Amino acid sequence: MMNFFREIWQSIVRRDPLSTDKGKSELVFLNVWLHIHPAKVKMENLKFRHSFYLGFITFFLFLILVTTGIVLMVYYRPFPPQAYQDMKDLEFVVFMGPFLRAMHRWAAHAMVVCVFLHMCRVFYTGSYKKPRQFNWVVGVFLLLLTLGLSFTGYLLPWDQLAYWAITVGSNIGSYAPLVGGQLREWLLGGHSVGEAALVRFYVLHVAVLPAAIILLTIVHFWRVRKDGGLSRPVWKIAPPKPEPLVTIGAPAVAAPLIASTASSTKTYGLMEVVTGKPIFETITPEEEEDTVFSYPYAFVREAVALMITVTGIMMISLFFHAPLEELANPAKTPNPAKAPWYFLGLQELVSHSAILGGVVAPALMVLALLAIPYIDRNPSRRPGDRKWAIWLFTIFVVINLALIVVGTFFRGPGWALVPPWVHVVGGTE
(Lines give C-alpha, C1' and ligand atoms only; values in the text may rest on other atoms or scores of the structure.)
Protein backbone atom coordinates (compact mmCIF):
# COMPACT_ATOMS: atom_id res chain seq x y z
CA MET A 1 0.00 0.00 0.00
CA MET A 2 2.83 2.39 0.84
CA ASN A 3 4.40 1.69 -2.53
CA PHE A 4 1.09 2.51 -4.20
CA PHE A 5 0.84 5.93 -2.52
CA ARG A 6 4.53 6.56 -3.13
CA GLU A 7 3.96 5.93 -6.83
CA ILE A 8 1.07 8.41 -6.85
CA TRP A 9 3.22 11.02 -5.08
CA GLN A 10 6.14 10.52 -7.45
CA SER A 11 3.84 10.86 -10.47
CA ILE A 12 2.86 14.30 -9.18
CA VAL A 13 6.15 15.52 -7.71
CA ARG A 14 8.80 14.56 -10.25
CA ARG A 15 11.94 15.51 -8.34
CA ASP A 16 14.49 14.31 -5.87
CA PRO A 17 14.23 15.29 -2.17
CA LEU A 18 14.89 18.95 -1.40
CA SER A 19 17.77 17.94 0.82
CA THR A 20 19.85 17.32 -2.31
CA ASP A 21 21.21 19.88 -4.77
CA LYS A 22 19.56 18.01 -7.62
CA GLY A 23 16.21 18.21 -5.85
CA LYS A 24 16.57 21.96 -5.30
CA SER A 25 17.24 22.46 -9.01
CA GLU A 26 14.40 20.19 -10.08
CA LEU A 27 12.00 22.08 -7.80
CA VAL A 28 12.32 24.95 -10.28
CA PHE A 29 12.80 23.12 -13.58
CA LEU A 30 9.97 20.61 -13.10
CA ASN A 31 7.37 22.98 -11.64
CA VAL A 32 5.13 24.90 -14.04
CA TRP A 33 4.60 27.72 -11.50
CA LEU A 34 8.21 28.11 -10.38
CA HIS A 35 9.89 27.71 -13.75
CA ILE A 36 10.14 31.49 -14.15
CA HIS A 37 12.96 31.25 -11.61
CA PRO A 38 16.42 30.00 -12.46
CA ALA A 39 17.81 27.10 -10.48
CA LYS A 40 20.44 29.39 -9.01
CA VAL A 41 20.64 33.15 -8.45
CA LYS A 42 23.46 35.51 -7.62
CA MET A 43 23.53 36.62 -4.01
CA GLU A 44 24.03 40.22 -5.16
CA ASN A 45 20.70 40.12 -6.99
CA LEU A 46 18.86 39.03 -3.85
CA LYS A 47 19.78 42.18 -1.96
CA PHE A 48 16.95 44.62 -1.37
CA ARG A 49 18.74 47.56 -2.95
CA HIS A 50 19.10 45.69 -6.24
CA SER A 51 15.42 46.04 -7.21
CA PHE A 52 13.59 47.07 -3.99
CA TYR A 53 11.38 44.06 -4.85
CA LEU A 54 9.03 46.47 -6.64
CA GLY A 55 8.13 43.95 -9.32
CA PHE A 56 7.21 41.30 -6.78
CA ILE A 57 5.32 43.80 -4.60
CA THR A 58 3.29 44.93 -7.61
CA PHE A 59 2.43 41.32 -8.42
CA PHE A 60 1.47 40.63 -4.80
CA LEU A 61 -0.81 43.69 -4.81
CA PHE A 62 -2.50 42.32 -7.91
CA LEU A 63 -3.05 39.02 -6.08
CA ILE A 64 -4.65 40.95 -3.20
CA LEU A 65 -6.92 42.72 -5.70
CA VAL A 66 -7.96 39.45 -7.31
CA THR A 67 -8.66 37.79 -3.96
CA THR A 68 -10.62 40.64 -2.41
CA GLY A 69 -12.33 41.39 -5.73
CA ILE A 70 -13.73 37.86 -6.00
CA VAL A 71 -15.16 38.14 -2.48
CA LEU A 72 -16.67 41.56 -3.21
CA MET A 73 -18.29 40.25 -6.41
CA VAL A 74 -20.42 37.93 -4.29
CA TYR A 75 -22.13 40.93 -2.68
CA TYR A 76 -22.33 43.24 -5.71
CA ARG A 77 -24.87 43.81 -8.50
CA PRO A 78 -23.72 46.11 -11.32
CA PHE A 79 -27.00 47.97 -11.75
CA PRO A 80 -27.94 51.36 -10.29
CA PRO A 81 -29.22 51.98 -7.70
CA GLN A 82 -28.67 48.38 -6.46
CA ALA A 83 -24.91 48.88 -6.78
CA TYR A 84 -24.96 51.69 -4.24
CA GLN A 85 -27.22 49.73 -1.91
CA ASP A 86 -24.78 46.81 -2.07
CA MET A 87 -22.01 49.21 -1.07
CA LYS A 88 -24.09 50.29 1.92
CA ASP A 89 -24.63 46.65 2.87
CA LEU A 90 -20.89 46.03 2.67
CA GLU A 91 -20.34 49.01 4.95
CA PHE A 92 -22.96 48.19 7.59
CA VAL A 93 -24.24 44.61 7.16
CA VAL A 94 -21.64 42.26 5.72
CA PHE A 95 -19.12 40.92 8.22
CA MET A 96 -15.73 42.61 7.60
CA GLY A 97 -17.24 44.36 4.59
CA PRO A 98 -15.56 47.74 5.24
CA PHE A 99 -12.22 45.98 5.73
CA LEU A 100 -12.53 44.13 2.40
CA ARG A 101 -13.49 47.30 0.54
CA ALA A 102 -10.60 49.17 2.09
CA MET A 103 -8.10 46.45 1.23
CA HIS A 104 -9.30 46.41 -2.37
CA ARG A 105 -9.16 50.18 -2.71
CA TRP A 106 -5.78 50.80 -1.09
CA ALA A 107 -4.21 47.84 -2.90
CA ALA A 108 -5.41 49.36 -6.18
CA HIS A 109 -3.86 52.75 -5.37
CA ALA A 110 -0.67 51.09 -4.14
CA MET A 111 -0.42 49.05 -7.33
CA VAL A 112 -0.55 52.21 -9.47
CA VAL A 113 2.22 53.74 -7.36
CA CYS A 114 4.40 50.60 -7.39
CA VAL A 115 4.09 50.08 -11.15
CA PHE A 116 5.24 53.67 -11.66
CA LEU A 117 8.12 53.30 -9.19
CA HIS A 118 9.12 50.02 -10.82
CA MET A 119 9.25 51.76 -14.19
CA CYS A 120 11.42 54.52 -12.70
CA ARG A 121 13.83 52.01 -11.17
CA VAL A 122 14.18 50.16 -14.46
CA PHE A 123 14.95 53.40 -16.27
CA TYR A 124 17.44 54.80 -13.77
CA THR A 125 19.36 51.51 -13.70
CA GLY A 126 19.37 51.27 -17.50
CA SER A 127 17.66 47.88 -17.36
CA TYR A 128 15.62 48.64 -20.48
CA LYS A 129 18.63 48.41 -22.75
CA LYS A 130 19.42 45.54 -25.10
CA PRO A 131 18.26 42.75 -24.91
CA ARG A 132 15.40 43.96 -22.67
CA GLN A 133 13.82 46.54 -25.01
CA PHE A 134 10.65 44.59 -25.69
CA ASN A 135 10.12 43.79 -22.01
CA TRP A 136 10.17 47.55 -21.28
CA VAL A 137 7.38 47.93 -23.87
CA VAL A 138 5.43 45.15 -22.15
CA GLY A 139 5.92 46.98 -18.85
CA VAL A 140 4.55 50.23 -20.34
CA PHE A 141 1.42 48.39 -21.47
CA LEU A 142 1.09 46.89 -18.00
CA LEU A 143 1.22 50.42 -16.57
CA LEU A 144 -1.57 51.52 -18.92
CA LEU A 145 -3.66 48.47 -18.08
CA THR A 146 -3.15 49.12 -14.37
CA LEU A 147 -4.45 52.66 -14.81
CA GLY A 148 -7.40 51.29 -16.79
CA LEU A 149 -8.12 48.69 -14.11
CA SER A 150 -8.18 51.34 -11.38
CA PHE A 151 -10.21 53.75 -13.52
CA THR A 152 -12.93 51.21 -14.34
CA GLY A 153 -13.18 50.16 -10.71
CA TYR A 154 -13.64 53.76 -9.63
CA LEU A 155 -17.23 53.83 -10.91
CA LEU A 156 -18.51 50.65 -9.25
CA PRO A 157 -19.52 52.14 -5.84
CA TRP A 158 -21.93 54.42 -7.77
CA ASP A 159 -21.63 57.29 -5.31
CA GLN A 160 -21.04 60.97 -6.02
CA LEU A 161 -17.25 60.63 -5.91
CA ALA A 162 -17.27 57.75 -8.39
CA TYR A 163 -19.85 59.21 -10.75
CA TRP A 164 -18.21 62.59 -11.23
CA ALA A 165 -14.66 61.27 -11.26
CA ILE A 166 -15.56 59.02 -14.20
CA THR A 167 -17.49 61.83 -15.86
CA VAL A 168 -14.47 64.12 -15.74
CA GLY A 169 -12.03 61.35 -16.68
CA SER A 170 -14.04 60.26 -19.70
CA ASN A 171 -14.43 63.88 -20.82
CA ILE A 172 -10.63 64.23 -20.90
CA GLY A 173 -10.40 61.35 -23.38
CA SER A 174 -13.15 62.80 -25.57
CA TYR A 175 -10.85 65.64 -26.68
CA ALA A 176 -8.89 63.27 -28.92
CA PRO A 177 -9.60 64.20 -32.56
CA LEU A 178 -11.62 61.88 -34.81
CA VAL A 179 -11.95 58.98 -32.35
CA GLY A 180 -12.29 60.73 -28.97
CA GLY A 181 -16.05 61.20 -29.05
CA GLN A 182 -16.76 57.74 -30.47
CA LEU A 183 -14.42 56.11 -27.95
CA ARG A 184 -16.13 57.87 -25.04
CA GLU A 185 -19.58 56.89 -26.34
CA TRP A 186 -18.50 53.26 -26.75
CA LEU A 187 -16.98 53.19 -23.26
CA LEU A 188 -20.03 54.74 -21.59
CA GLY A 189 -22.65 53.05 -23.78
CA GLY A 190 -24.17 56.46 -24.43
CA HIS A 191 -23.54 60.16 -24.07
CA SER A 192 -23.41 60.20 -20.28
CA VAL A 193 -22.52 58.01 -17.34
CA GLY A 194 -25.47 55.72 -16.69
CA GLU A 195 -26.52 52.10 -16.31
CA ALA A 196 -24.84 51.04 -19.57
CA ALA A 197 -21.58 52.63 -18.42
CA LEU A 198 -21.70 50.81 -15.09
CA VAL A 199 -22.23 47.42 -16.77
CA ARG A 200 -19.41 48.04 -19.26
CA PHE A 201 -17.02 49.25 -16.60
CA TYR A 202 -17.89 46.19 -14.48
CA VAL A 203 -17.13 43.77 -17.33
CA LEU A 204 -13.88 45.55 -18.13
CA HIS A 205 -12.90 45.64 -14.47
CA VAL A 206 -13.59 42.04 -13.50
CA ALA A 207 -12.89 40.18 -16.76
CA VAL A 208 -11.26 41.94 -19.71
CA LEU A 209 -8.53 44.00 -18.03
CA PRO A 210 -7.52 41.37 -15.43
CA ALA A 211 -7.19 38.78 -18.20
CA ALA A 212 -5.01 41.15 -20.23
CA ILE A 213 -2.85 41.92 -17.18
CA ILE A 214 -2.41 38.22 -16.37
CA LEU A 215 -1.40 37.48 -19.98
CA LEU A 216 1.12 40.33 -20.17
CA THR A 217 2.45 39.54 -16.68
CA ILE A 218 3.22 35.99 -17.82
CA VAL A 219 5.03 37.39 -20.87
CA HIS A 220 6.83 39.94 -18.66
CA PHE A 221 8.08 37.31 -16.22
CA TRP A 222 9.07 34.99 -19.06
CA ARG A 223 11.05 37.73 -20.80
CA VAL A 224 12.77 38.69 -17.55
CA ARG A 225 13.90 35.07 -17.28
CA LYS A 226 14.99 34.69 -20.90
CA ASP A 227 16.59 38.13 -21.24
CA GLY A 228 18.90 37.52 -18.28
CA GLY A 229 16.78 39.07 -15.55
CA LEU A 230 18.03 39.20 -12.00
CA SER A 231 20.13 36.06 -12.38
CA ARG A 232 22.02 36.53 -15.60
CA PRO A 233 24.32 33.54 -16.17
CA VAL A 234 27.87 34.51 -15.32
CA TRP A 235 30.30 33.85 -18.11
CA LYS A 236 33.94 34.75 -18.42
CA ILE A 237 36.53 34.30 -21.11
CA ALA A 238 39.79 33.08 -19.63
CA PRO A 239 42.51 35.69 -20.17
CA PRO A 240 45.13 34.63 -22.70
CA LYS A 241 48.63 33.89 -21.55
CA PRO A 242 51.36 36.36 -22.50
CA GLU A 243 52.64 35.62 -25.95
CA PRO A 244 56.11 34.06 -25.86
CA LEU A 245 59.01 35.76 -27.55
CA VAL A 246 59.62 34.37 -31.02
CA THR A 247 62.62 34.46 -33.27
CA ILE A 248 62.35 36.35 -36.51
CA GLY A 249 61.54 33.91 -39.24
CA ALA A 250 60.07 31.31 -36.92
CA PRO A 251 56.56 30.04 -37.85
CA ALA A 252 53.68 31.74 -36.01
CA VAL A 253 51.85 29.55 -33.52
CA ALA A 254 48.37 30.48 -32.28
CA ALA A 255 48.02 30.75 -28.52
CA PRO A 256 45.84 27.93 -27.17
CA LEU A 257 42.45 28.76 -25.63
CA ILE A 258 42.63 28.22 -21.88
CA ALA A 259 39.49 27.16 -20.03
CA SER A 260 38.96 27.67 -16.32
CA THR A 261 39.66 24.67 -14.16
CA ALA A 262 36.46 23.20 -12.78
CA SER A 263 36.13 22.25 -9.16
CA SER A 264 36.73 18.59 -8.47
CA THR A 265 34.08 18.57 -5.74
CA LYS A 266 31.19 19.97 -7.82
CA THR A 267 29.07 18.68 -10.66
CA TYR A 268 28.42 21.04 -13.56
CA GLY A 269 25.67 20.82 -16.15
CA LEU A 270 24.20 22.94 -18.94
CA MET A 271 21.13 24.57 -17.38
CA GLU A 272 20.07 26.90 -20.19
CA VAL A 273 21.11 28.24 -23.57
CA VAL A 274 21.86 31.95 -23.74
CA THR A 275 22.02 33.75 -27.05
CA GLY A 276 25.12 35.65 -28.02
CA LYS A 277 27.54 33.68 -25.84
CA PRO A 278 30.54 31.91 -27.38
CA ILE A 279 30.63 28.20 -26.75
CA PHE A 280 34.20 28.35 -25.50
CA GLU A 281 33.24 30.44 -22.47
CA THR A 282 32.92 28.69 -19.17
CA ILE A 283 31.86 29.38 -15.62
CA THR A 284 34.74 29.88 -13.23
CA PRO A 285 34.62 28.25 -9.78
CA GLU A 286 34.81 31.71 -8.14
CA GLU A 287 31.71 32.90 -10.00
CA GLU A 288 29.87 29.67 -9.31
CA GLU A 289 30.52 30.10 -5.60
CA ASP A 290 28.76 33.50 -5.73
CA THR A 291 25.44 31.85 -6.60
CA VAL A 292 22.90 30.11 -4.38
CA PHE A 293 19.88 27.93 -5.09
CA SER A 294 16.58 29.75 -5.61
CA TYR A 295 15.17 27.40 -2.99
CA PRO A 296 15.24 28.44 -0.24
CA TYR A 297 17.11 31.76 -0.59
CA ALA A 298 15.03 33.53 -3.26
CA PHE A 299 11.74 31.91 -2.27
CA VAL A 300 12.11 32.90 1.39
CA ARG A 301 12.74 36.52 0.42
CA GLU A 302 9.72 36.52 -1.86
CA ALA A 303 7.59 35.05 0.93
CA VAL A 304 8.77 37.78 3.31
CA ALA A 305 7.96 40.45 0.70
CA LEU A 306 4.49 38.93 0.29
CA MET A 307 3.84 38.94 4.05
CA ILE A 308 5.03 42.53 4.41
CA THR A 309 2.88 43.65 1.48
CA VAL A 310 -0.26 41.94 2.76
CA THR A 311 0.35 43.11 6.33
CA GLY A 312 0.94 46.68 5.19
CA ILE A 313 -2.32 46.80 3.20
CA MET A 314 -4.21 45.22 6.10
CA MET A 315 -2.86 47.76 8.59
CA ILE A 316 -3.76 50.69 6.34
CA SER A 317 -7.23 49.22 5.79
CA LEU A 318 -7.83 48.90 9.54
CA PHE A 319 -7.31 52.63 10.13
CA PHE A 320 -8.45 54.17 6.83
CA HIS A 321 -11.75 52.97 5.38
CA ALA A 322 -12.64 53.36 1.72
CA PRO A 323 -14.78 56.48 1.25
CA LEU A 324 -18.43 56.19 0.32
CA GLU A 325 -20.38 59.36 -0.41
CA GLU A 326 -24.07 59.79 -1.10
CA LEU A 327 -25.85 58.12 -4.03
CA ALA A 328 -24.74 59.34 -7.46
CA ASN A 329 -26.85 62.26 -8.58
CA PRO A 330 -26.36 63.64 -12.13
CA ALA A 331 -28.27 66.79 -11.13
CA LYS A 332 -25.90 67.64 -8.27
CA THR A 333 -22.43 68.56 -9.46
CA PRO A 334 -19.66 68.78 -6.85
CA ASN A 335 -17.49 71.87 -7.00
CA PRO A 336 -14.86 71.11 -8.08
CA ALA A 337 -15.46 67.81 -9.85
CA LYS A 338 -12.14 65.96 -10.07
CA ALA A 339 -10.86 62.98 -12.00
CA PRO A 340 -9.13 60.10 -10.16
CA TRP A 341 -5.89 61.35 -8.62
CA TYR A 342 -3.62 59.71 -11.23
CA PHE A 343 -5.42 61.68 -13.98
CA LEU A 344 -5.39 65.00 -12.14
CA GLY A 345 -2.23 66.04 -13.98
CA LEU A 346 -4.09 65.73 -17.28
CA GLN A 347 -7.11 67.53 -15.82
CA GLU A 348 -4.80 70.36 -14.76
CA LEU A 349 -3.50 70.62 -18.33
CA VAL A 350 -7.04 70.43 -19.74
CA SER A 351 -8.00 73.41 -17.58
CA HIS A 352 -5.44 75.42 -19.55
CA SER A 353 -5.77 73.76 -22.97
CA ALA A 354 -8.14 70.95 -23.93
CA ILE A 355 -5.96 69.86 -26.84
CA LEU A 356 -2.78 69.90 -24.73
CA GLY A 357 -4.20 67.95 -21.80
CA GLY A 358 -6.58 65.67 -23.68
CA VAL A 359 -4.53 64.83 -26.78
CA VAL A 360 -0.96 66.12 -27.06
CA ALA A 361 0.39 65.40 -23.57
CA PRO A 362 -0.96 61.84 -23.09
CA ALA A 363 -0.09 60.82 -26.66
CA LEU A 364 3.47 62.15 -26.39
CA MET A 365 3.99 60.55 -22.98
CA VAL A 366 2.89 57.09 -24.15
CA LEU A 367 4.84 57.27 -27.42
CA ALA A 368 7.97 58.53 -25.65
CA LEU A 369 7.82 55.74 -23.06
CA LEU A 370 7.39 53.10 -25.77
CA ALA A 371 10.25 54.51 -27.83
CA ILE A 372 12.82 54.98 -25.03
CA PRO A 373 14.69 51.67 -25.45
CA TYR A 374 14.92 52.12 -29.22
CA ILE A 375 15.96 55.76 -29.44
CA ASP A 376 18.48 55.55 -26.59
CA ARG A 377 21.48 54.18 -28.49
CA ASN A 378 23.93 54.64 -25.63
CA PRO A 379 25.04 51.10 -24.69
CA SER A 380 26.32 52.13 -21.25
CA ARG A 381 24.18 51.73 -18.14
CA ARG A 382 26.40 53.79 -15.88
CA PRO A 383 24.60 56.93 -14.60
CA GLY A 384 27.66 59.00 -15.39
CA ASP A 385 27.35 58.09 -19.07
CA ARG A 386 23.59 58.78 -19.22
CA LYS A 387 23.28 62.24 -17.69
CA TRP A 388 21.04 63.71 -20.39
CA ALA A 389 18.65 60.75 -20.41
CA ILE A 390 18.41 60.77 -16.61
CA TRP A 391 17.82 64.52 -16.49
CA LEU A 392 15.07 64.38 -19.14
CA PHE A 393 13.30 61.48 -17.43
CA THR A 394 13.59 63.17 -14.03
CA ILE A 395 12.04 66.35 -15.43
CA PHE A 396 9.20 64.26 -16.89
CA VAL A 397 8.57 62.60 -13.50
CA VAL A 398 8.76 65.85 -11.52
CA ILE A 399 6.36 67.67 -13.86
CA ASN A 400 3.81 64.86 -13.64
CA LEU A 401 4.02 64.69 -9.85
CA ALA A 402 3.80 68.48 -9.54
CA LEU A 403 0.65 68.61 -11.69
CA ILE A 404 -0.97 65.84 -9.62
CA VAL A 405 -0.11 67.66 -6.37
CA VAL A 406 -1.54 70.94 -7.70
CA GLY A 407 -4.74 69.27 -8.87
CA THR A 408 -5.15 67.40 -5.58
CA PHE A 409 -4.34 70.04 -2.96
CA PHE A 410 -4.40 73.46 -4.62
CA ARG A 411 -7.64 73.46 -6.64
CA GLY A 412 -10.90 74.62 -5.10
CA PRO A 413 -14.36 75.66 -6.33
CA GLY A 414 -14.36 76.76 -9.94
CA TRP A 415 -10.90 75.17 -10.27
CA ALA A 416 -9.45 78.24 -8.59
CA LEU A 417 -6.06 78.09 -6.88
CA VAL A 418 -6.44 77.82 -3.10
CA PRO A 419 -3.93 77.12 -0.30
CA PRO A 420 -3.91 73.44 0.69
CA TRP A 421 -4.66 74.21 4.33
CA VAL A 422 -7.97 75.93 3.50
CA HIS A 423 -10.95 73.70 4.15
CA VAL A 424 -13.05 73.75 0.98
CA VAL A 425 -16.72 72.91 1.24
CA GLY A 426 -18.04 71.51 -2.04
CA GLY A 427 -20.99 73.27 -3.56
CA THR A 428 -23.02 72.97 -6.71
CA GLU A 429 -22.55 74.68 -10.02
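The values are calculated or read from the model by the stated rules, or taken from the named source; none is laboratory data. Since this is a predicted model, take the numbers as computed values, not measurements. Using ideal geometry, Cβ is built from the backbone for each residue, glycine included, and neighbour counts are taken over all protein chains shown. Side chains included, ligands, DNA and RNA excluded: accessible areas come from the protein's heavy atoms. Shrake-Rupley method; radii C 1.70, N 1.55, O 1.52, S 1.80 Å.
Compute the Cα gyration tensor for the range 32-83, then decide on rounded, prolate or oblate, letting a ≥ b ≥ c be the square roots of its eigenvalues: rounded whenever a/c is under 1.5, prolate when a/b is larger than b/c in the other cases, and oblate in all that remain.
Prolate.
What is the sum of charges, Lys and Arg at +1 and Asp and Glu at -1, for the other residues whose Cβ falls under 13 Å from the Cβ of I57?
+1
Just report the Cα centroid separation between the range 159-205 and the range 335-349, whole Å.
15 Å
For the range 283-371, which GluC sites (Glu not before Pro) pass both filters: DSSP loop (anything but H, G, I, E, B) and at most 11 other C-beta atoms within 10 Å?
E326
Which of the pairs K338/K387; K129/K387; K24/K226 have their Cα atoms more than 26 Å apart in this structure?
K338/K387
Nearest 20 debye, what's the magnitude of the dipole of the range 287-354 about its Cα centre given +1 on Lys and Arg Cβ and -1 on Asp and Glu Cβ?
680 debye
Please label the shape of the range 40-163 as rounded, prolate or oblate, based on the square roots a ≥ b ≥ c of the eigenvalues of the alpha-carbon gyration tensor (a/c under 1.5 means rounded; beyond that, a/b larger than b/c means prolate, else oblate).
Prolate, because a/c is 1.5 or more and a/b exceeds b/c.
Considering only protein heavy atoms and a probe of 1.4 Å, how much of the accessible area of the range 283-429 is carbon and sulfur, as a whole percent?
Answer for the range 283-429 is 72 percent, counting heavy atoms of protein chains only.
Please list, by residue number, every one of the trypsin sites (Lys or Arg not before Pro) in the range 333-429 that is coil in DSSP and has at most 13 other beta-carbon atoms within 10 Å.
Those that pass, being in a loop and sparsely packed, are R377, R381.
Given W136, V179, H191, which one lies farthest toward the positive end of the charge dipole of the range 121-206, if we put +1 on the Cβ of every Lys and Arg and -1 on the Cβ of every Asp and Glu?
Selected residue: W136.
Would the range 310-388 count as rounded, prolate or oblate if I go by the C-alpha gyration tensor, calling it rounded below 1.5 in a/c and otherwise prolate when a/b exceeds b/c, oblate otherwise?
oblate
Restricting attention to the range 314-376, which chymotrypsin sites (Phe, Trp or Tyr not before Pro) occupy a DSSP loop and are surrounded by at most 12 other Cβ atoms within 10 Å?
F320
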